[in-house]
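Peer 1: Please read through the structure below; I'll follow up with questions.
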Amino acid sequence: MSNLAFTVTDIDSNTGDFWDVVELSGTFSYTAGSSVTGKGTASSPATATSGNAPLADTTSSAGNLNVTYQAPTSSVILTYWNNAQSFSGATVDRNQGIYIAGMKFSVITNNC
């Protein structure tokens, strides 16, 4: 495929609960929302700007990382981890998570 583009949404944090960190494989360009620091690479993972920066799951673009792979690619690996230093505020909830939205790509055909 080529021209792969998507948005990783809801990169945020909540004291004592979660602190999202995202790393993507390959070579890509990106734009980050105002509450995201890092490039989304192994050497500079995308993460919330602080340990207490909660955002609305799907309605806030501040936690977004918009990614574009322009060169042809056959796979992408997304690695996620929780960077929280303690879990005193963790509850049985579903607020720790990220989402993939708006995925687009072009199919490469082999005209043999």
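The values are calculated or read from the model by the stated rules, or taken from the named source; none is laboratory data. Keep in mind it's a predicted model, so treat the numbers as computed, not measured. For neighbour counting, all protein chains shown are included, and Cβ atoms are generated from backbone atoms with ideal geometry for every residue, glycine included. The area values use the complete protein model at the heavy-atom level, side chains included, leaving out ligands, DNA and RNA. Shrake-Rupley method; radii C 1.70, N 1.55, O 1.52, S 1.80 Å.
Peer 1: Could you tell me how many of the residues in region 62-78 are under 13 Å from the mean Cα position of the chain (by Cα) and open to solvent by less than 80 Å² (accessible area, probe 1.4 Å)? Can you show your working first?
Peer 2: Step one: filter region 62-78 for residues under 13 Å from the mean Cα position of the chain (by Cα), giving 62-68, 76-78.
Those left that are additionally open to solvent by less than 80 Å² (accessible area, probe 1.4 Å): 62-68, 76, 78.
Residues in region 62-78 being under 13 Å from the mean Cα position of the chain (by Cα) and open to solvent by less than 80 Å² (accessible area, probe 1.4 Å): 9 in total.
Peer 1: Step by step: first the residues of region 55-77, then only those that are of a type in the set (A, V, I, L, M, F, W, C) and not in a loop (DSSP other than H, G, I, E, B), then the one that is nearest to residue 30 (Cα to Cα). Which residue is that?
Peer 2: Checked region 55-77; the qualifying residue nearest to residue 30 (Cα to Cα) is 67.
Peer 1: Would you confirm whether or not region 93-100 contains a residue that is at pLDDT 95 or above and open to solvent by 80 Å² or more (accessible area, probe 1.4 Å)? If you could, list the steps in order and put the result at the bottom.
Peer 2: Filtering region 93-100 down to residues at pLDDT 95 or above leaves 100.
Filter once more, keeping what is open to solvent by 80 Å² or more (accessible area, probe 1.4 Å): 100.
Yes: one or more hits.
Peer 1: Out of region 27-54, which residues are open to solvent by 60 Å² or more (accessible area, probe 1.4 Å), assigned to a loop (DSSP other than H, G, I, E, B) and farther than 21 Å from residue 85 by Cβ?
Peer 2: 27, 34, 39, 42, 43
Peer 1: Open to solvent by 50 Å² or more (accessible area, probe 1.4 Å), at pLDDT below 95 and charged (D, E, K, R): does that describe residue 57?
Peer 2: Numbers: open to solvent by 50 Å² or more (accessible area, probe 1.4 Å): yes; at pLDDT below 95: yes; charged (D, E, K, R): yes.
In short, yes.
Peer 1: Evaluate region 4-22: report whether one residue or more is of a type in the set (D, E, K, R), at positive phi, touching a residue at least 40 places away in the same chain (Cβ under 8 Å) and crowded, with 17+ Cβ neighbours inside 10 Å. Break it down stepwise before answering.
Peer 2: Taking region 4-22 as the starting set, the residues that turn out to be of a type in the set (D, E, K, R) are 10, 12, 17, 20.
Those left that are additionally at positive phi: 10.
Now narrow it down to the ones that are touching a residue at least 40 places away in the same chain (Cβ under 8 Å): 10.
The next check asks that each one be crowded, with 17+ Cβ neighbours inside 10 Å; those that pass are 10.
There is at least one residue in region 4-22 that is of a type in the set (D, E, K, R), at positive phi, touching a residue at least 40 places away in the same chain (Cβ under 8 Å) and crowded, with 17+ Cβ neighbours inside 10 Å.
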